[in-house]
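Heads up: the structure comes next, in structure tokens.
The values are calculated or read from the model by the stated rules, or taken from the named source; none is laboratory data. Quantities reported herein were computed from a predicted structural model and do not represent experimental measurements. Don't worry about glycine lacking a Cβ; one is built from the backbone with ideal geometry, like all the others, and counts go over all protein chains shown. When the accessible area is computed, the model is the full protein with side chains, heavy atoms only, and any ligands, DNA or RNA have been set aside. Shrake-Rupley method; radii C 1.70, N 1.55, O 1.52, S 1.80 Å.
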Amino acid sequence: MVWKINNNCQIFIEKTDSIAGRQKEIIPHVSAYYVDKYTTISEKGVKTGSNRLCGTANQELLAGYMLYKYLGISSDEQLVRNEHGKPEIAAGYKNESAAFFNLAHSGPYVVLAISDRLVGVDIEHTKRMSYKVAKRIMRKAQLDRLEGFENESDAFQIELTKYWTQYEAIMKLVGTGFSGELDDETMEAYEKRVVFRELEDYVIAVVTEWKIEKFLVFVSI
């Protein structure tokens, strides 16, 4: 499935079952950072019998593999990390159409956003979103809007997930994650640039640094 909106940003979405049984084949193409994360989490998952940890391990390996497939990144030297740990393409490996990227994962999905400008992406499962947690980062106007939905209804959960994913995507764009804070005016300006996609029971939010003029979404499942 391919969603086309414009050309300034591309979103690739894949499922972890696409690499099932192929881990050994994939590892040589993945940077050491993601291989190490995969190995550490996978070993812990096997030791404890945790399917959740094994799933998380495959998310990390698939994330690294997608960087190889779509950006040609296969070594740590092609990446740098800011003071908050956000990975970025090293200066010598950037090009006009793929200067920035951002990754997100949830459940079986891994999402890779590639753009010619700063970009943030997030994906969350609508059924797992907690109102108690999300309301901590929501402004009064957003909380008031939720009152128009039946509590805990599907529409309520989707709306709640949109607020959460747009917030996280924006904070990932600016590179601070939840350790940072933006004033309401700046946050509202970014929110106007957020693009949403619903995929099964998941919501994906993507935001770029400037006004989105063209946008492409590629889905590979």
Residues located in the range 185-203, provided they are touching a Lys or Arg at 6+ places or on another chain (Cβ under 8 Å) and open to solvent by 50 Å² or more (accessible area, probe 1.4 Å): Arg193, Phe196, Asp201
Subset tally (residues that are part of a strand (DSSP E or B) and not polar (S, T, N, Q)) for the range 90-121: 14
Looking only at the range 46-72, and only at residues there that are in contact with a Ser or Thr (Cβ under 7 Å, 6 or more places away or on another chain) and among the small types (Gly, Ala, Ser), the one that is surrounded by the fewest Cβ atoms within 10 Å (Cβ to Cβ): Gly55
Residue in the range 96-107 that is over 24 Å from Tyr163 (Cβ atoms) and among the polar types (S, T, N, Q) present: yes
Checking Ala90 against (1) more than 15 Å from the chain's Cα centre (by Cα); (2) among the small types (Gly, Ala, Ser); (3) closer than 16 Å to Lys69 by Cα, the condition it does not meet: (3)
Any chance Ala90 is buried (at least 17 other Cβ atoms within 10 Å of the Cβ), over 20 Å from Ala205 (Cβ atoms) and touching a strand residue (DSSP E or B) at 6+ places or on another chain (Cβ under 8 Å): no
Some residue of the range 115-133 being hydroxyl-bearing (Ser, Thr, Tyr) and either within 26 Å of Ile89 (Cα to Cα) or modelled with pLDDT of 95 or more (or both): yes
Residue within the range 174-184 that is polar (S, T, N, Q), in contact with a Leu (Cβ under 8 Å, 6 or more places away or on another chain) and either more than 18 Å from Val110 (Cβ to Cβ) or modelled with pLDDT of 90 or more (or both) present: no
Pairs where the first residue, in the range 94-120, is surrounded by fewer than 24 Cβ atoms within 10 Å (Cβ to Cβ) and among the hydroxyl-bearing types (Ser, Thr, Tyr) and the second is assigned to a loop (DSSP other than H, G, I, E, B) and at pLDDT below 95, C-beta under 9 Å, 6+ apart: Ser97/Asn7; Ser97/Asn8; Ser97/Asp116; Tyr109/Glu200; Tyr109/Ile221
Those residues of the range 91-113 which are farther than 23 Å from Glu168 by Cα and at pLDDT 95 or above, in sequence order: none
